[in-house]
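These notes concern the structure reproduced below.
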Amino acid sequence: MVVRRLYVLVLLFGWLVFHSRDFTLHAQSADQRAVIEPRERPASPINLAKTVLSVDSSLVLIPVHVTTALGVPVTGLQKINFYLCEDGAEQVIKSFTSEDGPISVGLVLDTSASMKNKTDRVSAATEAFFGTANPADEFFLVEFNGRARLAVPFTKDPNQLNSYVRRSRPSGNTSLFDAIHLALGVMKQNARYSRRALVILSDGGDNWSRRNFREIKRELTESDVQVYAMGIFDRDYNSHHPREERNGPAVLEDLTAQTGGRDFPVARLEDLPAIATEISRDLRQQYILGYYSTNPVADGKYRRVTVQLTMPEQIPPLRTDYRRGYFVPNR
């Protein structure tokens, strides 16, 4: 009995020694796993935002209309036929299109008192213009006399504009510049397409606007909007009208040339529908040149654009109408 008890005590002692060692090993292992070596704090990252230059990557679009000496549109030209410079520095033409893409068009209609005997022909002209439209085009109508107002917001249904023109009742003074200002605002806020044009139908200069010619000219230069005009002038214009109205033809010619559009003085009211059709044709037979300026400075200054044709010598001289320049955003 004594021997048996002694034997049991020996076994018990051995078991305790063995598991005590095992527990120590596990504890040590646990301690080793729990130890976390502190890492050095990485150096503060370099503030790259201060070293990156901000470059204006806006694509500049220059619409170009090419005609023969007789005014016939020239089609079929390629990118290699155009040479484009900005402030005398050659630019690489990155995009080139000539297809009939959709256009955002604003009709700026004179409804002053002097238009009373011209409403029928004006209505026929607008119907001729919209009759050649692309189904995807969108239009709006700004009318003006003593004040300018948005008569028809953007729509793809030209019948809405035709209907309004037929119902117009001319009266009052002429606020052409205010009307252009309003039309540019509508175009900037709501136009869906990059190709944009205003078509002015008026019979005289401005005599009632709050804005002046210089302000409107700058607004047009800052925009991407072409201006076309149908100027309906009386034959005795220079002798029987005040100075503001006598300046009308020169004003329309200057505004249209600045934007790459064209001015069509209307000698006879009967010619209005044909001229309206020609303007619509011009808008759809243009070349759109796109480039990224090599001058990255956003200084708010005016950049002058020149476009030349590179044609074989045997080709007769051609005429180009295009946007003459633009103001760079000031940032």
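The values are calculated or read from the model by the stated rules, or taken from the named source; none is laboratory data. Predicted model, so just to flag it, every value in this text is computed and none were measured. Neighbour counts are summed over all protein chains in view; Cβ atoms, including those assigned to glycine, are modelled from backbone coordinates with ideal geometry.
I'd like the residue in segment 125-149 that is among the aliphatic types (A, V, I, L, M) and surrounded by 17 or more Cβ atoms within 10 Å (Cβ to Cβ) and, out of all such residues, is modelled with the lowest pLDDT. Taking the candidates together, the pick is 133. With respect to the stated conditions, residue 297 is exposed (fewer than 15 other Cβ atoms within 10 Å of the Cβ), among the hydrophobic types (A, V, I, L, M, F, W, C), modelled with pLDDT of 90 or more and outside any strand (DSSP E or B).
Residues that are of a type in the set (Gly, Ala, Ser), in the same structural domain as residue 276 (by TED's automatic domain parsing) and modelled with pLDDT under 95 do not occur anywhere in segment 173-193. Condition (residue is at negative phi and free of Cβ contacts under 8 Å to residues at least 60 places away in the same chain) applied to segment 282-290: is it met by at least one residue? Within segment 282-290, not a single residue is at negative phi and free of Cβ contacts under 8 Å to residues at least 60 places away in the same chain. Taken over segment 284-310, the criterion of being among the aromatic types (Phe, Trp, Tyr) and over 16 Å from the mean Cα position of the chain (by Cα) is satisfied by 302 alone. Among the residues of segment 65-94, those identified as farther than 30 Å from residue 153 by Cβ, in a strand (DSSP E or B) and out of contact with any Pro (no Cβ under 6 Å at 6 or more places or on another chain) are 66, 73, 82, 83, 84, 85, 86, 89, 90, 93, 94. Among the residues of segment 233-264, those that are out of contact with any helix residue (DSSP H, G or I) (no Cβ under 6 Å at 6 or more places or on another chain), at pLDDT 90 or above and not in a helix (DSSP H, G or I) comprise 260, 261.
Might you let me know whether segment 269-281 holds any residue that is touching a Leu at 6+ places or on another chain (Cβ under 9 Å), modelled with pLDDT of 90 or more and either outside any helix (DSSP H, G or I) or in the same structural domain as residue 185 (by TED's automatic domain parsing) (or both)? Yes, segment 269-281 contains a residue that is touching a Leu at 6+ places or on another chain (Cβ under 9 Å), modelled with pLDDT of 90 or more and either outside any helix (DSSP H, G or I) or in the same structural domain as residue 185 (by TED's automatic domain parsing) (or both).
Return a yes/no flag: does segment 162-183 have any residue that is closer than 29 Å to residue 287 by Cα and not in a helix (DSSP H, G or I). For segment 162-183, residues closer than 29 Å to residue 287 by Cα and not in a helix (DSSP H, G or I): absent.
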